[in-house]
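The values are calculated or read from the model by the stated rules, or taken from the named source; none is laboratory data. Everything numeric here is computed off the predicted structure, so don't read it as measured data. Here the Cβ positions follow ideal geometry from the backbone for every residue, glycine too, while neighbour counts run over all protein chains shown. Keep in mind that these areas ignore ligands, DNA and RNA; they rest on the heavy atoms of the full protein, side chains included. Shrake-Rupley method; radii C 1.70, N 1.55, O 1.52, S 1.80 Å.
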Amino acid sequence: MELNPGKFKMRNILYIFGAAFLIGAAGLFFYLPVHGDRVQGLTAEERAWLDTHSGKVRLVHTPDWPPMDFLDKKGNPAGMAADYIQLIEDKLKFRFAKVPVSSWNEMLTLARKGAVDVISAGQETPERSRFMNWSTPFLNLKTTIIVQKGRYANLTLDRMQGMKIGVVHKYAVGEFIREQHPDLEIIDVANSKEGIEQVSFGELDAMITEVPNALYIIETEKITNLSLAGDTGFELHHGMGIRKDWAILSRIIEKTLFSISEEEHQAIYGRWVRLDRPGFYLSRTFWYWVFGSASVVLLMTGTILFWNRSLKREVAQRTEALRFNEIGLEALLALNETPHNSIGDIVEFSFRQMLDLTRSRFGYLTLREQEGLTYVVESRDDNSGGLVNVQVRSNGFEGYTKGFWGDAVEKGEPVISNNYHLSNPELKGVPKAHKKIVRYMNVPIFSQDRIVVVAGMGNKETDYTRSDLRQLNLLAHGMWRLIQRKKAEHAMQKSEKRFQDLVENTPNGVAIVQDNLVVHQNANQTYLMGDINFMDPDSEPRFHEEDRSKIRSFFSQIREGRLKESEVDFRFYRDDLAGADGDMTWVACIATPIDYHDQNAFLLIFIDMTEAKKLTHLLTIQDKMASLGHVSAGIAHEIRNPLSGINIYLGTIEKYFRNPEKTEKIATSIEAVRAASGKIESVIKRVMNFAKPGEPRFDLVNINDPVKEAVKLTRFTLNKKGIQIEDDLAQDLPQCIAEPHLIEEVILNLINNAADAIREYKKKGHIRISSRQEKEKIILRVEDDGPGVSREVRQKVFDPFFTTKSHSTGIGLSLCHRIITDHKGKLDIGVSALGGACFLVELPFSRKTVI
C-alpha cells in the first residue's frame, strides 16, 4: 500500500462538485457530539463516588502517539483517546485531573509507583496487569510494516531476518516481536516519528507501528519515499488502565464504554483516520443526491469554476512542494554518499546544501561537540558568491551573534521571521557584516535534551515557509547523525589500531583462526612456532608423542567451534637453521572466542614455557632431594636410639657371657636387644608402608560402616580417659569406591591423634565424627575441643616424620594423607566449631549409585 498524494486532485474535484449537498453531511465527520449522562445502570454508590472524586482522579495521556493520543502545539491532549476521555467525562458529568508526562515509559513508571490513577489508553500485557486493571478495549488497531518505496514488498515478520527493525521503546508490539521472533534485530526508538524518519533516511530498514499512527505521521510530515509493505499479524486492543484498588471506578468505566454507540465510535475514528476508500460517486445513493440536486449544481457552476482555478493553484503549489521534498531527499542522499575526510568537511558540505536548498543568501551554523569544541560556520550576503568561513572555537555560542541563534535556543523550537526588523528592530546580536538582514529562520537540534546544533538561514527572496523550516531541520539532523557516525568510525579505527599494536608488540605469539584457517599471526608467533601446522596435529610429526592426544582434542574443538577447554600446554621440536633437530620447546596455548571482521573467530595466544618448565624441573629435583634428606634424618633419628641400646646391651652380654652366675643379666640384656630390634623393624615397616603401600582393594561401600567400626574400637578406651566421643553420621549417603580397612585405619589414626592432643591440653574432652554429602563429594569430619593446630604447623603436619609429640614417629598423618590421596580424595585441616582442630576428609562417590 503506497501513499499517493496525487489522488487528492480527483477527490477535491468531486468534493467541490457535491459541495451543495455535502455541507450538512460534512458536519457528521468533524463534529463530536457532547452528551449528557446517558450511562444506564449506575448505582447510588457509584454516583456518590463520582461526585466525591470529580477533579481528583489523576489521568495521564500519551504525549507522542498521534493520532491515537498526543499533545497538540498548545500542550493540550488530542487524538482518539482524548476524544474518548472527553466523551466519558461528558456522559458522567465528571472531570479527570490531567497529569503531564514526556514519554510512554514515564507513564508506566508513574503508574507502577501509584503516582497516577488512570491511563487514557494502552495495551494490556501480563506485566502491566500487575499494577493496573484494564477495561474493555475501545481502540482496536492493526500494526503495519513501513519501508522505503521499492525496497521491499509483501513483508511479514517471518521474512525480515537481517533487517534493522524499529519499534517504540516499551510498546507492546515490541514485546510481542521479541517473544515470537527472537531472531529479528529489534532497535528501540523514542517515538514513532523518530523511527519513521530513520527509515526515510535509510538508518533503519523498517519501522513497525499502528496503521493510523503511520498514516498520520507520513501525511503531517510530508514524507514521500515510504510505503506500507505488510501486516505484522499483531493487533493492539487498547483499553483504559485503572489502578488496582479502585474496582468501583473500573465498573463505572465499563458501563460508560458500553453506553457509547456505534455512531459515536465511528465519529471519533473518522475524525482522525482517513484511509483511501472507493469513491462515493460509485454508490447509488450518490446519484440519487446528484439528480435531486441538479438545480443547486447549476446555480453553483460559477463558484465551481472559481474553486477550480484555486485548485489548480493548490495543485501547482503541492507539486512544487513535492519537487522541493525530492530535492531535500537528494540533498540528504548526497550528504550521506559524499566522502568526507573530517568533521569540518561534513559541516561545510552540509552548510552549502542548506543554503542551496532553502535558496538563502547567507547563513549561520554552530555545532557543539562533546569535547567542548564549537564549529561556527557563516557566509555573507555579498556578490562574491557567498564565501563560507569555518571556525573551530572552544567557548560555545558567541554572544555577539546571539541575533542568529538566541530565539531558537531560548524557546527550544524552530523560529521564522519574515520581517526581521520587526522582531529585532535594533538588530541586537547581529554582526555588522549582516546588518542588511530581511528574513531569517533558525532551528535547534536536540540530543538527549541538549541543544547540539543551531542552523539559521537568511534573506531568501520570498518568505520562508514551514516547508523551508522542515528541509533545514532534516538537513541539520542528517548532518548531526553523519557526524556521530563519523566519530564512531574514527573510534572503531582507533580501537582496531590499538588491537593491532597490542597483537604485534606482545612478547607472546598471537594467531587468529577463522573458518579453520590462520588468518593472522604476529612476528613472535612465526618465530616461536615456525611453520608448524597446529590446526592439523596428525599431519605434524614434530609434536611430542605424549602430548599428541590432548593437542588433537583441543584443536578439534576450535575447528568444530565448540570450545570447552580454553587452555592446553604441549611440547614440540623445531628445526634449527642447519636443518638438524632443535631443542624441545614447551608452550601453553590459551584460546578465546572473538568477533573478527564481523565473523566468529578464535584468538590463540602461545606462551613460551620452556625456561619456566626447566626451572620447575630443577626446583622439583631440589625439593625431592630436600625431602629425601628430611626422611633420611627422620629414619636415622628413629633408629639411632634403639641401636645405641643394642650396643649397650651387647657390651653387657659380652661382659657376663663367661660367668655362669650372671645368666639372669644376660637374659635381661637379650630381651632388651630383642625389644630394640622390634622397634627398628616397626620403623622400617611403617616407612615401607608409606613409601610403597600395598595395593588397596577398592569396592562400593557405605562410608559410614568403617567409621562406625573405628568409633566402636576406641569408645571404651577414650571414655576411661575422660574423653567423650560422638558420631553424627548422615543417613542415605551414596556409596563410594573405597577400601574399608584403609578408611577405618585413617579414622582410627585421626581419633587417636585428637585424643593425644586433648590429653596434653586438659583432663577431659570431646571428639565428634560426622559424615555429610556436599555436591558430588562425601565429607567426613573428625573434630575435637583440644588446643587446635597453629597455622605454621598446619603447613607441615602431613610431612613425613614431622611431629610435635615426644613419643611419635611423625608418619601417621602422612600415611593418612597418602591413603586418602590414593582414594582420589583430599585430607585437610582447619578449625573446629568445638574450638580445637578439625580434620576434613573429602571422598568422591560413584555416580552410578545416585538415583
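Numbers below:
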read-out: For LEU840, net neighbour charge (Lys/Arg +1, Asp/Glu -1) across residues whose Cβ lies under 15 Å away; value: +1
read-out: Positive-pole candidate from THR506, VAL519, PHE555, dipole of the range 490-558, charges at beta carbon; value: THR506
read-out: Segments 779-787, 537-545 sorted - mean Cβ within 10 Å per residue, highest first; value: 779-787, 537-545
read-out: Relative packing of peptides 192-202, 143-153 - highest average C-beta neighbours within 10 Å first; value: 192-202, 143-153
read-out: Dimensionless Rg/Rh of the range 759-839 - Kirkwood Rh, Rg from C-alpha atoms; value: 0.97
read-out: The range 254-270 versus the range 758-812: alpha-carbon centroid distance in Å; value: 85
read-out: Solvent-accessible area, 1.4 Å probe, carbon plus sulfur percent, for the range 717-851; value: 47
read-out: Segment ASN76-GLU565, length gained on full extension (0.36 nm per residue, minus Cα span); value: 169.8 nm
read-out: Spatially proximal lysines relative to LYS796 (Cα-Cα < 17 Å; intrachain offsets below 8 disregarded); value: LYS624, LYS805, LYS826
read-out: Three principal axis lengths of the range 478-586 [C-alpha, angstrom, descending]; value: 64, 34, 19
read-out: LYS170 accessible area, 1.4 Å probe, all protein chains in place, Å² to nearest 10; value: 90
read-out: Residue-count net charge about LYS708 - beta-carbon cut-off 13 Å; Lys, Arg +1, Asp, Glu -1; value: -4
read-out: The range 179-283: radius of gyration over Cα atoms, expressed as a fraction of 2.2 N^0.38 Å; value: 1.43
read-out: Environment charge at MET163 (Cβ cut-off 13 Å; Lys +1, Arg +1, Asp -1, Glu -1); value: -2
read-out: Protection proxy ranking, peptides 749-761, 489-501, average beta carbon neighbours within 10 Å, highest first; value: 749-761, 489-501
read-out: Calculated from backbone phi, Karplus (6.51, -1.76, 1.60) coupling profile of the range 80-95 in Hz, x at Gly/Pro; value: 5, 5, 5, 5, 5, 5, 4, 5, 5, 4, 5, 5, 8, 6, 9, 10
read-out: The range 455-514 and the range 410-444: distance between their alpha carbon centers, rounded to Å; value: 31
read-out: From phi via Karplus (6.51, -1.76, 1.60), per-residue ³J(HN,Hα) for the range 420-427 in Hz, x at Gly/Pro; value: 4, 5, 6, 7, 9, x, 8, 6
read-out: For ALA837, distant residues with modelled amide H under 5 Å away; value: ASP784, GLY786, GLY788, SER832
read-out: Residue-wise HN-Hα coupling along the range 164-175, computed from phi with Karplus coefficients 6.51, -1.76, 1.60 (Hz; x: Gly, Pro); value: 8, 10, x, 9, 6, 4, 6, 7, 5, 5, x, 4
read-out: Contact order normalised by residue count of the range 433-568, Cα under 8 Å, 6+ apart, percent; value: 12
read-out: Cα principal axis extents for the range 106-160, largest first, Å; value: 47, 23, 19
read-out: For the range 63-210, alpha-carbon Rg and Dmax in angstrom; value: 16.8, 53
